[in-house]
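Asks: Dumping the structure here so I can ask a few things about it.
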Amino acid sequence: MIEQYGWSDALRLAFEPHARAGHLAGRIIVQRREVNLVATDLGTLSARLSGRLRHEAREAGHPAAGDWVALSAKPGEATAIIHAVLPRRTAFVRRAADSVQTLQVIAANIDVVFIVTSMNADLNPRRLERFLAAAWQSGARPVVVLTKADLCEQPEDQAAAIATLAAGCPVLVVSARERIGIGGLMAHITPGETCVLIGSSGVGKSTLVNALLGEERMATQEIRAADDRGRHTTSYRQLVLLPGGGLLLDTPGIREVGLVDAEMGLGTVFDDIERLAQDCRFRDCGHSTEPGCAVRGALEAGLLDANRWAHFQKLNQELAAAELAKQGAAQEAGRRRLAVQQRTYRSTRKNLRNPDS
């Protein structure tokens with residue numbers, strides 16, 4: 001059964017230590033807070049984390065949809081305990097909402113990231129740049145999917161404008177309700193590969209899943225007339241098998257992707273600015289008042305969009321702030337460990353000096 005979920009010889013080799021321990025291999029197909037659904041050769045099991053893994057998850061994060069895990073199944077029951085998570089090939093991550101430096105894994109072991117946005121008032125180039133940076137950083141192949149083309153008067157022109165900031169990745173125009181562009185979308189889903197749909201609430205991800213499945217399996221809702229925005233339908237991350245042999249992961253809507261450790265992805269999305277900076281007269285150019293600044297020259301000549309430049313600066317500042325916060329957290333953790341060691345040392349010396357006390 002797990003072969004249809006992407007099980008491979010490489011995974012079998014990585015799993016050998018767990019197999020010797022008597023564990024069962026599985027892949028998380030539905031991610032929930034307490035109980036995950038895991039596809040195994042024994043069928044789909046409801047699985048909880050072991051106590052050790054739950055403790056480690058406080059620092060390293062919880063297993064995510066798409067993760068391969070090692071389980072112990074309970075005989076006669078459709079339940080299991082997750083003991084370990086296999087190393088991830090790729091992962092789409094964002095900064096957790098309640099932390100500056102903590103990563104939240106949205107999808108693991110993915111091959112293609114479909115960045116989905118609708119062609120109405122909700123289309124936001126700046127948000128798309130942020131999603132693209134995270135997608136390139138994930139290690140998977142990003143594809144921009146512009147949905148609800150039937151609501152746009154000039155979809156080709158809008159797609160061409162988006163393509164200029166898509167860093168060379170494909171840009172697809174789709175209308176799931178009218179079956180426009182579905183064939184082109186399916187061409188990016190290879191049998192055995194895993195794709196994930198990423199985007200804001202209501203951009204049409206669940207409708208796309210239904211179109212690809214050929215059945216109305218995922219709940220959908222109409223967009224709000226007041227602001228052209230859709231309403232949230234998917235409430236958890238779910239991996240589904242497609243008729244052609246691929247796998248598709250639907251996710252709840254994400255309004256924002258906080259970037260952490262995404263320098264490579266940012267450099268790919270803003271490659272035009274990176275190349276401009278290389279032409280500056282000074283290597284350490286701050287792109288403000290320095291003579292011979294290629295970036296300022298492009299801005300003044302109208303060759304570089306001012307909003308794009310401002311967003312590039314904002315995202316770089318965000319990454320720098322996240323890195324400083326991470327370093328501060330690491331230093332604080334080091335101070336706490338040192339304090340514990342010093343207390344232990346003083347206590348040991350006291351006991352040695354006063355063995356009868």
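Values in this text are rule-based calculations from the coordinates and carry no lab data. What you are looking at is a predicted structure, and each value in this text was computed from that prediction instead of being measured. Cβ sites come from the backbone with ideal geometry, for glycine too, and all protein chains shown count toward neighbours.
Asks: Would you mind checking which residues have amide H under 5 Å from Leu49's amide H? H placed 1.01 Å from N; only 5 or more apart, or other chain.
Replies: Ile82
Asks: Using the alpha-carbon centroid of each, what span in Å lies between segment 6-79 and segment 263-307?
Replies: 47 Å
Asks: Also, I was wondering about something else. Given R₀ = 22 Å, what would the calculated FRET efficiency be for Asp157 paired with Ile180, taking r from the Cβ atoms and rounding to 0.05?
Replies: 0.85
Asks: Which residues' amide hydrogens lie under 5 Å from the amide hydrogen of Val93, considering only partners 5 or more residues apart or on another chain, with H built in the peptide plane?
Replies: Residues meeting the criterion, in which the H sits 1.01 Å from N, are Ile106.
Asks: Using a Förster distance of 51 Å, how high is the FRET efficiency between Asp9 and Asn354, based on the Cβ-Cβ distance and rounded to 0.05?
Replies: FRET efficiency, Asp9 to Asn354: 0.25.
Asks: Tabulate in residue order the Karplus-calculated ³J(HN,Hα) for segment 142-150, using 6.51 cos²θ - 1.76 cosθ + 1.60 with θ = phi - 60°, rounded to whole Hz; enter x for Gly and Pro.
Replies: For segment 142-150, the Karplus curve yields x, 9, 8, 10, 9, 8, 6, 4, 5 Hz.
Asks: Could you give the dipole magnitude of segment 1-144 about its Cα centre, charging the beta-carbon of Lys and Arg +1 and that of Asp and Glu -1, in debye to the nearest 20?
Replies: 340 debye
Asks: On to the next question. Can you list the residues, at least 5 places off or on another chain, whose amide H is less than 5 Å from the amide H of Gly199, using H built in the peptide plane?
Replies: Hits under the 5 Å cutoff: Val116, Ile254.
Asks: If you don't mind, there's one more thing I want to ask. Applying the Karplus parametrisation 6.51 cos²θ - 1.76 cosθ + 1.60 with θ = phi - 60° to the phi angles of segment 155-170, what ³J(HN,Hα) value in whole Hz is obtained for each residue in order, glycine and proline being reported as x?
Replies: Residue by residue, segment 155-170 yields x, 5, 5, 5, 5, 5, 5, 5, 4, 5, 10, 8, 6, x, 7, x Hz.
Asks: Here's another thing I want to ask about it. HN-Hα J couplings of segment 175-187 from phi, Karplus 6.51/-1.76/1.60, θ = phi - 60°, integer Hz, Gly and Pro as x?
Replies: Karplus values, whole Hz, x for Gly and Pro: 10, 5, 5, 9, 6, 8, x, 5, x, x, 5, 5, 5.
Asks: Mind giving me the nanometre distance, one decimal, between the label points for Arg281 and Glu16, set 7 Å out from Cα along Cα→Cβ?
Replies: For Arg281 paired with Glu16, the spin-label model returns 6.1 nm.
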